[in-house]
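To start, the structure under review is shown below, and the notes come after it.
The values are calculated or read from the model by the stated rules, or taken from the named source; none is laboratory data. In this text the structure is predicted, and so the values were computed from the model without any measurement. Cβ sites come from the backbone with ideal geometry, for glycine too, and all protein chains shown count toward neighbours. Note: accessible area is taken over every heavy atom of the protein model, side chains too, but ligands, DNA and RNA are not part of it. Shrake-Rupley method; radii C 1.70, N 1.55, O 1.52, S 1.80 Å.
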Amino acid sequence: METLLRDIRYGMRGFFKRPGFTIVALIALALGIGANTAIFSLVNAVLLRPLPFAEPERLIWVFGNIRNGGNTASVAPLDFLDFRSQNTTFEQFAASFSFPAAVNLTGTGDPERLSAALVTGNYFQALGVAPALGRTFALENEQPEQGQVAVLSYALWQKRFGGNPAIVGKKLTLDAKSFEVIGVMAKDLTFPATAELWVPMNFDEAGMKQRKAHFLRPIGRLKPGVTIAQAQADTDAVARRLEEQYPATNTGKSLRLVPLQEQLIGNIRPTLLILFGAVGFVLLIACANVANLLLVRAAAREKEIALRTALGAGRLRIVRQMITESVLLALMGGALGALLAVWGVELLVKLSAGSIPSTAQVNIDLRVLGFTLGLSALTGVLFGLAPAFRTLKLNLSESLKEGGRGGGQTATRNRTRSVLVVIESAIAVVLLIGAGLLIRSFIQLQNTNPGFDAHNVLTMQIDLPRQKYPTPEKRGNFFTELQTRVAGLSGVQSVGLISELPLTPQRNDMPFTVEGRPPASPDQRLGADFRRINEHYFSALRIPMWRGRNFTAQEARQSAKLLVISDLLAKQVFPNEEPLGKRLVLATGDEPFEIIGIVGDIRHRAMERAPFPAMYWPSIQDSGTNLVIRTQGDPASLAAAVRKEVKAIDPDQPVAAVRTMDEWVDMSVAASRYRTVLLGLLALVALVLASTGIYGVMSYSVGQRTHEIGVRMALGAQRVDVLKLVVRQGMILVVIGVALGIAGAFALTRVMASLLLGVTAKDPITFTVVGLLLATVAFVACYIPARRATKVDPLVALRYE
């Protein structure tokens with residue numbers, strides 16, 4: 001221990017004596033280790049840390065599986081009740097609505113629209129979470145005679161009610177109904193992500209007594225010792241019984257079980273793994289840079305090492321000293337990197353824009369700190385090995401001679417440094433190509449036509465309480481008056497209404513058949529996105545009408561049995577015939593709908609996803625809808641005026657989700673932008689580190705060859721010859737590195753194929769541009785020391801050493 005402390009003190013003195021070397025090395029290490037720590041904190045929170053629920057490994061996310069119709073469907077209410085009562089493998093089998101619900105809070109200050117999660121009475125028991133105050137629901141709360149109750153989120157409790165513990169037992173008015181607050185959930189419960197309060201489902205409502213419409217998302221807690229395969233077999237058996245009992249609605253239907261953590265991670269796993277690999281490459285470049293610095297420092301310490309060896313120090317003792325110094329340097333860089341990671345984690349979360357699961361709490365915990373410590377120690381050993389073992393081959397007699405330069409060692413050291421430059425260049429190329437592919441893909445995404453014009457469009461969501469607006473006529477009158485009032489505002493060109501706004505989490509699909517063509521089997525099931533709109537929606541978003549006609553205002557008021565379908569739906573269902581005049585039978589009823597028009601396709605679900613078949617029904621009688629207001633100028637400037645018009649009709653009616661359509665488009669590409677920005681930043685750091693490494697090696701090489709350069713110039717070599725000589729030496733290494741990097745990128749970028757849009761993983765433009773970019777940067781890094789070499793005075797150089 002005493003020897004180790006002495007080595008540490010000696011190493012620290014050496015670092016303080018050479019502040020330039022120490023600062024450069026620490027910056028490189030802090031960047032590499034800090035980036036790794038920040039990304040690992042994200043990986044730890046999303047992939048490694050268990051979900052914030054009791055025994056989360058027993059939690060199962062449940063999809064409806066419809067044969068040849070999709071395996072991510074929701075589940076019908078009556079089917080859910082049968083699965084809940086008949087299964088034998090789940091301790092709890094609960095559900096929530098598959099689409100976000102909304103309630104209007106009134107009577108306690110300004111009216112406010114809240115995001116509510118409608119859940120079954122055993123939902124919190126299934127998750128295994130306890131409230132911070134009060135209690136949660138029970139199965140009895142699914143019956144209306146038990147009274148209306150609600151559980152608040154911690155955030156809503158703090159924001160709206162100031163954290164008052166007396167809130168439990170108080171009455172709230174939600175959608176004109178009285179609800180008793182029975183509990184407040186814990187602060188860390190963020191599931192579902194948007195939930196501000198929870199209310200129990202009412203299975204006695206007419207809309208819940210059906211098997212046709214699918215809108216529940218079950219979640220289950222397995223019994224102890226039960227595997228997911230056993231649960232799948234159990235639910236398959238229930239599904240077969242339901243298929244026999246209800247062939248008209250349940251033929252071909254079952255459940256698909258997925259571990260909850262796998263479902264929550266979703267598409268972010270490949271992004272995280274790619275980023276984790278990228279920061280590992282950045283660290284390797286940092287290690288190569290520091291190894292080069294240590295090799296230069298070791299060359300300067302040859303006399304010192306030779307003298308210590310001559311005085312009796314063993315070679316392994318010298319190696320241990322140098323490894324100790326490199327590990328000490330790495331630990332110092334790791335400490336700085338950890339501080340940098342604290343800021344980096346905040347940046348990661350800020351840039352994520354909802355890409356990180358809501359249940360993941362990203363922070364620096366003991367596991368992350370342990371990772372940083374281990375990574376720092378490993379890094380120290382990694383970049384310290386080359387200079388440490390180089391001392392084993394030290395020529396004592398040459399090193400102790402006055403003026404001796406260790407010439408026998410120089411060629412070997414130069415080869416080592418050259419190999420490190422090649423490695424740096426190759427890794428930088430791989431990262432730059434990966435970032436270039438994502439940038440090209442993101443540009444393609446930005447230039448993708450969504451099928452509508454998002455500019456100068458204001459949107460907002462309005463949900464009318466059914467208690468206050470119980471009939472279709474009352475709801476239709478409200479929206480008709482609102483449409484008239486908003487259309488009269490200065491600068492408004494058109495006012496559209498739609499039930500589900502494009503590029504938002506709002507979803508609604510509809511199975512259907514063509515009149516006179518009943519499907520021969522469930523394999524022929526048809527489906528399309530289903531939207532309720534008014535007559536001005538297409539003009540508000542400038543969706544082109546290809547054939548036929550639009551709805552009239554009267555048809556929208558009366559909810560006429562008419563449809564306008566998308567061009568894609570027309571081509572899929574009526575490939576060789578005219579769709580106009582044909583009639584479709586929707587799954588929700590038996591009365592057919594006549595097709596009167598065909599409009600352009602839009603990207604409703606995501607900018608990254610191709611258009612999906614869609615149908616539009618003229619109806620303004622639904623309780624929840626979105627305003628789509630096209631303006632002449634800045635749409636956001638009209639938000640206050642529109643709110644005023646809503647309040648003039650109903651002072652207790654709030655509006656929510658007030659955004660421009662451009663903002664919705666921007667949010668839709670947030671995940672793609674997130675990974676592009678992060679990998680781009682890492683590639684930029686890699687480029688800086690690699691160019692710095694090339695510059696350092698070339699500068700040292702010029703210093704080593706000062707005598708040779710002086711001789712060449714004394715014998716008649718021109719400055720341009722010396723410039724070519726030095727630049728060629730560096731560029732040969734870079735060209736080798738670029739070639740190896742391109743070969744590596746061909747192999748590695750295939751894992752990114754699923755993240756790319758409109759660009760292949762072997763895009764020749766990206767590969768060419770990146771190769772030229774690194775070659776240009778490397779040329780500058782070689783040119784600066786080469787130009788310095790041309791200014792060598794031959795007389796001074798000939799007297800060198």
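Yes or no, residue by residue, for (1) at pLDDT below 90; (2) open to solvent by 30 Å² or more (accessible area, probe 1.4 Å); (3) at positive phi; (4) of a type in the set (S, T, N, Q):
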residue: 407; (1), (2), (3), (4): yes, yes, no, no
residue: 413; (1), (2), (3), (4): yes, no, no, no
residue: 431; (1), (2), (3), (4): no, no, no, no
residue: 460; (1), (2), (3), (4): no, no, no, no
residue: 468; (1), (2), (3), (4): yes, yes, no, no
residue: 480; (1), (2), (3), (4): no, yes, no, yes
residue: 488; (1), (2), (3), (4): no, yes, no, no
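Is it the case that some residue within region 580-587 is open to solvent by 40 Å² or more (accessible area, probe 1.4 Å) and under 29 Å from residue 482 (Cβ atoms)? Outline the logic, then answer.
Here is the first cut: in region 580-587, the ones open to solvent by 40 Å² or more (accessible area, probe 1.4 Å) are 580-583.
Next cut, under 29 Å from residue 482 (Cβ atoms) only: none.
Checked region 580-587: no residue is open to solvent by 40 Å² or more (accessible area, probe 1.4 Å) and under 29 Å from residue 482 (Cβ atoms).
Within region 360-382, residues that are in contact (Cβ under 8 Å) with a residue 60 or more places away in the chain and of a type in the set (D, E, K, R) have Cβ atoms under 9 Å from residues that are open to solvent by 40 Å² or more (accessible area, probe 1.4 Å) and in a helix (DSSP H, G or I) in these pairs: 367/48, counting only partners at least 6 apart in sequence or on another chain. Going through (1) in a loop (DSSP other than H, G, I, E, B); (2) within 29 Å of the chain's Cα centre (by Cα) one by one, residue 625 falls short only on (1). Among the residues making up region 535-552, a single one is surrounded by fewer than 22 Cβ atoms within 10 Å (Cβ to Cβ), in contact with a Ser or Thr (Cβ under 8 Å, 6 or more places away or on another chain) and not polar (S, T, N, Q): 535. Considering region 495-561, the qualifying strands (runs of 3 or more DSSP E), each wholly inside and each with 1 or more residues that are among the aromatic types (Phe, Trp, Tyr) and at pLDDT below 90, run over 509-514.
crowded, with 20+ Cβ neighbours inside 10 Å and closer than 19 Å to residue 563 by Cα: which single residue out of 475, 532 fits that description? Show your work before the answer.
Numbers: 475 fails: closer than 19 Å to residue 563 by Cα.
Of 475, 532, the one residue that is crowded, with 20+ Cβ neighbours inside 10 Å and closer than 19 Å to residue 563 by Cα is 532.
In the condition set (1) over 26 Å from residue 750 (Cβ atoms); (2) surrounded by 15 or more Cβ atoms within 10 Å (Cβ to Cβ); (3) over 23 Å from the mean Cα position of the chain (by Cα); (4) modelled with pLDDT of 80 or more, residue 305 is compliant with all but (4). The set of residues in region 438-458 being open to solvent by less than 30 Å² (accessible area, probe 1.4 Å) and in contact with an Asp or Glu (Cβ under 8 Å, 6 or more places away or on another chain) consists of 445, 451, 454, 457. Going through (1) part of a loop (DSSP other than H, G, I, E, B); (2) open to solvent by less than 50 Å² (accessible area, probe 1.4 Å) one by one, residue 605 falls short only on (2).
Filtering region 1-60 to residues that are of a type in the set (Phe, Trp, Tyr) and modelled with pLDDT under 85 leaves 10, 15, 16, 21. Applying a threshold of 9 Å to beta carbon distances and a minimum spacing of six or more residues, or different chains, the list of pairs starting in region 526-538 at a residue that is without any contact (Cβ under 8 Å) to a residue 40 or more places away in the chain and farther than 29 Å from residue 67 by Cβ and ending at one that is open to solvent by less than 30 Å² (accessible area, probe 1.4 Å) and not basic (Lys, Arg) is empty.
Kindly evaluate residue 137 against the criterion of being part of a helix (DSSP H, G or I), at negative phi and of a type outside the set (Lys, Arg). It is false that residue 137 is part of a helix (DSSP H, G or I), at negative phi and of a type outside the set (Lys, Arg).
Criterion first (modelled with pLDDT under 90 and either hydrophobic (A, V, I, L, M, F, W, C) or within 19 Å of residue 215 (Cα to Cα) (or both)) does residue 124 satisfy it?
no
Counting only helices (runs of 4 or more DSSP H) that fall entirely inside region 2-92 and contain at least 1 residues that are more than 30 Å from residue 252 (Cβ to Cβ) and either open to solvent by less than 10 Å² (accessible area, probe 1.4 Å) or of a type outside the set (Val, Ile, Thr) (or both), the qualifying elements are 2-17, 19-43.
Among the candidates 373, 392, 369, which residue alone is part of a helix (DSSP H, G or I), at pLDDT below 85 and open to solvent by 20 Å² or more (accessible area, probe 1.4 Å)? Before the answer, list the steps.
Details: 373 fails: at pLDDT below 85; 369 fails: at pLDDT below 85.
So the residue among 373, 392, 369 that is part of a helix (DSSP H, G or I), at pLDDT below 85 and open to solvent by 20 Å² or more (accessible area, probe 1.4 Å) is 392.
The number of residues in region 144-154 that are modelled with pLDDT of 90 or more and either within 33 Å of the chain's Cα centre (by Cα) or open to solvent by 30 Å² or more (accessible area, probe 1.4 Å) (or both) comes to 5. Within region 274-293, the set of residues being closer than 25 Å to residue 330 by Cβ, open to solvent by 20 Å² or more (accessible area, probe 1.4 Å) and of a type outside the set (Phe, Trp, Tyr) comprises 277, 280, 284, 293. Out of 640, 636, one residue alone is under 20 Å from residue 492 (Cα atoms), of a type outside the set (Ser, Thr, Tyr) and over 31 Å from the mean Cα position of the chain (by Cα). It is 640.
Under the condition of being farther than 30 Å from residue 666 by Cβ and loosely packed, with under 15 Cβ neighbours inside 10 Å, which residue from region 490-520 is nearest to the chain's Cα centre (by Cα)? First the steps, then the outcome.
If we filter region 490-520 for residues that are farther than 30 Å from residue 666 by Cβ, which is where we start, we get 511-520.
Cutting the leftovers down to loosely packed, with under 15 Cβ neighbours inside 10 Å gives us 515-520.
Working: 515: 43, 516: 46, 517: 43, 518: 42, 519: 40, 520: 42 Å.
Ranking the candidates gives 519 first.
Of all residues in region 466-498, those that are farther than 17 Å from residue 639 by Cβ, out of contact with any strand residue (DSSP E or B) (no Cβ under 7 Å at 6 or more places or on another chain) and hydrophobic (A, V, I, L, M, F, W, C) total 1. Of everything in region 175-215 that is over 31 Å from the mean Cα position of the chain (by Cα) and of a type in the set (Asp, Glu), the residue that is nearest to residue 150 (Cα to Cα) is 180.
Could you list all residues from region 13-70 that are of a type in the set (S, T, N, Q) and out of contact with any Lys or Arg (no Cβ under 8 Å at 6 or more places or on another chain)? Walk me through how you get there before you give the answer.
Within region 13-70, the first condition is being of a type in the set (S, T, N, Q), and the residues that meet it are 22, 36-37, 41, 44, 65, 68.
Of everything in region 13-70, those that are of a type in the set (S, T, N, Q) and out of contact with any Lys or Arg (no Cβ under 8 Å at 6 or more places or on another chain) turn out to be 22, 36, 37, 41.
Please find, among 677, 759, 688, 738, the residue that is part of a helix (DSSP H, G or I), under 34 Å from the mean Cα position of the chain (by Cα), surrounded by 21 or more Cβ atoms within 10 Å (Cβ to Cβ) and modelled with pLDDT of 85 or more.
738
Whether any residue in region 113-126 is surrounded by fewer than 17 Cβ atoms within 10 Å (Cβ to Cβ) and either over 25 Å from the mean Cα position of the chain (by Cα) or at negative phi (or both) is what I want to check. Full working, then the answer.
Our first condition is that a residue be surrounded by fewer than 17 Cβ atoms within 10 Å (Cβ to Cβ); within region 113-126, this holds for none.
No: region 113-126 contains no residue that is surrounded by fewer than 17 Cβ atoms within 10 Å (Cβ to Cβ) and either over 25 Å from the mean Cα position of the chain (by Cα) or at negative phi (or both).
Among the residues of region 705-735, which ones are outside any helix (DSSP H, G or I) and either in contact with a strand residue (DSSP E or B) (Cβ under 7 Å, 6 or more places away or on another chain) or at pLDDT 85 or above (or both)? Within region 705-735, none qualify. Taken together, the criteria exclude residue 581 from residues that are assigned to a loop (DSSP other than H, G, I, E, B) and modelled with pLDDT under 90.
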